[in-house]
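Everything on this sheet refers to the single structure shown next.
Every number here is computed from the coordinates shown, using simple stated rules; none is lab data. All values derive from a computational prediction rather than experimental measurement. We place every Cβ from the backbone using ideal geometry, glycine too, and count neighbours over all the protein chains shown.
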Amino acid sequence: MEITADDVDRAWFPQAPFGTRGYNQLQVDAFLSRVAATLDDRDSVTAADVRRIAFTLCPLGRRGGYDPAAVDTFLRLVESTLAERESSTRTKPYLATALDHSHARVPLWRRLV
């Protein structure tokens, strides 16, 4: 599934379940705004950056924060989208045109001339 900048902007995450600590909402929102900017070609977040990102957890005894499972699931989709974009921008293999026969053997009649 391809994620767009609009999908990232509209992403909504539930609060962490009771008794668990959630991801810091400000950190998640700031990172996702960078991801949306990258998908609009205004920033340069890579799939490796998404894989390495670590958010702090809300303090103990304080309810709040995004559900880590929901955020992690969404970030996996973002990572695969960015990895696909990165692989499509890498140098593509050379494809010889129909008139370029440098990759073929020289015909026998040409070797005799």
Next on the checklist: Suppose R0 equals 22 Å. What FRET efficiency, 1/(1 + (r/R0)^6) with r the Cβ-Cβ distance, do Asp9 and Ser87 give to the nearest 0.05?
Outcome noted: 0.35
Next on the checklist: Quick check: pseudo-label points 7 Å beyond the Cα along Cα→Cβ at Arg52 and Asp72, how many nm apart are they?
Outcome noted: 2.0
Item to check | Positive-end residue, segment 29-68 charge dipole about Cα centroid, Cβ charges, pick of Ser33, Thr46, Pro59 | outcome: Pro59
Checklist entry - Can you give the extra length, in nm with one decimal, that the chain gains between Ser33 and Thr20 once fully stretched, where that is 0.36 nm per residue apart less the Cα-Cα distance? => result 2.1 nm
